[in-house]
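These notes concern the structure reproduced below.
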Amino acid sequence: MIPESESFHRIAVIEHITRQIPRHILAHYPTPLMRAKRLTETLGDTELWFKRDDLISFGLGGNKIRGLEVILADAWSQNADCLITGAGVQSNHVRATAAVAVYAGMGCTAVYWGKSPATVDGNYRVTKMLNAGIRFTGDNDRVSVDSYIHRVEAELCELGYRPYAIPRGGACAMGVLGHVLAVFELYQQCFAQGLEPDVIVLAVGSGGTYAGWLLGLRLLNLSWKMQCYTVSREPEQVSQQVADLATEAAALLKLDWTFKAADAPVHGGFIGQGYGIPSPEAAEAIRLVGRTEGILLDPVYTGKAMAGFLHGLRNKLYDDYQRIVFVHTGGEPAFFAGNGDWLNTDLLAV
Ligand SMILES: *Cc1c(COP(=O)(O)O)cnc(C)c1O
């Protein structure tokens, strides 16, 4: 049982911090917290829950909306009239930003690494339909997006616009604050249901979401463990990025807190051949969760995190935990990109 005084204190912290975070709410919250009964039966006696951020009811959903709700409030306060951001063509973040821009009556420019792809599908199809201006860096290096965003920003300023640039993947301190609110939301949901999770499982890309969880857990002084799986960068690099983002976000709340890479451990080993390339393990995880729970995971983020989690379960990493919450961060549109060959594991396992 959580002692009452502690929970009163936490509710006070939630109220105090929430007031400091500008946010324009775009969806219905809280997102459902659902017990995965059938999947749990196939896995032994752990108690697994899904936090369904895939069901965020705006712009095809996903965790990126949480960050963008704070970013939008900030952009409005700066009187911005267009948003610029970037990533790869199947980016959920870019698709979500394009939807937010439409809602806000703002323009949107999407900067993608590489060249224009042969097929217009998945997130890319949605982003184009939403009328975002599309630019390609011509360079396959993901980092090329960063300077290109600034180039577009300068061009738009020159033309008299008031652009608001959102870093690649949405990884910025403002966005992190949106994910702090997700921690508050889950805490309140758990409190209402008398559920005390031991561990949170999360997919990590550019790190903003994880940074929000770190900061949120520290603000509430919760002992929930994080088990996080990187789907793009190597663990050391991403841990540092997560720590830096959490430190910056704390500073926005006027907290002189420093997070170190060691505070943000990340599991590697489940990226497969690379970011955005489906792995046979992810395909297996997607089939398992789909066929037991009717829940669709995505091949870029949650499928790989689930593959990591299942591997951890088999290797006793989760033996000390009773109640596990897997954060389903969304990303389904990428499931519909390409011809789906990767779902045939046998084909890839050779
Ligand atoms: C972006 C994303 C993540 C990871 O979030 P980061 O803040 O980039 O680490 C996880 N899942 C999905 C579906 C995403 O789109």
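Counting only residues that are away from the ligand (no atom under 11 Å from the Cβ), touching a strand residue (DSSP E or B) at 6+ places or on another chain (Cβ under 9 Å) and of a type in the set (Gly, Ala, Ser), how many does the range 293-307 have?
1
Given (1) surrounded by 15 or more Cβ atoms within 10 Å (Cβ to Cβ); (2) free of Cβ contacts under 8 Å to residues at least 24 places away in the same chain, identify the lone condition not met by Gly175.
(2)
Kindly indicate whether Gly294 is touching a residue at least 12 places away in the same chain (Cβ under 8 Å) and either among the small types (Gly, Ala, Ser) or more than 23 Å from Ser223 (Cα to Cα) (or both).
No, not satisfied.
Scan Leu43, Leu26, Leu83, Leu60 and give me the residue that is hydrophobic (A, V, I, L, M, F, W, C), touching a helix residue (DSSP H, G or I) at 6+ places or on another chain (Cβ under 7 Å) and open to solvent by less than 20 Å² (accessible area, probe 1.4 Å).
On inspection, the qualifying residue turns out to be Leu83.
Would you mention how many residues in the range 215-268 are open to solvent by less than 70 Å² (accessible area, probe 1.4 Å) and assigned to a loop (DSSP other than H, G, I, E, B)?
11
Identify the single condition in (1) assigned to a helix (DSSP H, G or I); (2) more than 29 Å from Gly308 (Cβ to Cβ) that Arg38 does not satisfy, given that it satisfies every other one.
(2)
Name the pairs: first residue in the range 35-54 and more than 16 Å from the ligand (Cβ to nearest atom), second residue aromatic (Phe, Trp, Tyr), Cβ to Cβ under 6 Å, at least 6 apart or on different chains?
Close Cβ pairs (under 6 Å, with a partner that is aromatic (Phe, Trp, Tyr)) amount to Arg35/Trp49; Ala36/Phe50.
Does the range 87-104 include one or more residues that are farther than 25 Å from Gln20 by Cα and touching a His at 6+ places or on another chain (Cβ under 7 Å)?
yes
Which condition breaks for Leu195 when tested against (1) of a type in the set (A, V, I, L, M); (2) within 16 Å of the ligand (Cβ to nearest atom); (3) in contact (Cβ under 8 Å) with a residue 40 or more places away in the chain; (4) outside the structural domain of Ala75 (by TED's automatic domain parsing)?
Leu195 satisfies every listed condition except (2).
The values are calculated or read from the model by the stated rules, or taken from the named source; none is laboratory data. Since the model is a prediction, treat every value here as computed from it, not as a measurement. Every residue, glycine among them, receives a Cβ derived from its backbone with ideal geometry; neighbour counts consider all protein chains shown. Ligands, DNA and RNA are excluded from the accessible area calculation, which covers all protein heavy atoms including side chains. Shrake-Rupley method; radii C 1.70, N 1.55, O 1.52, S 1.80 Å.
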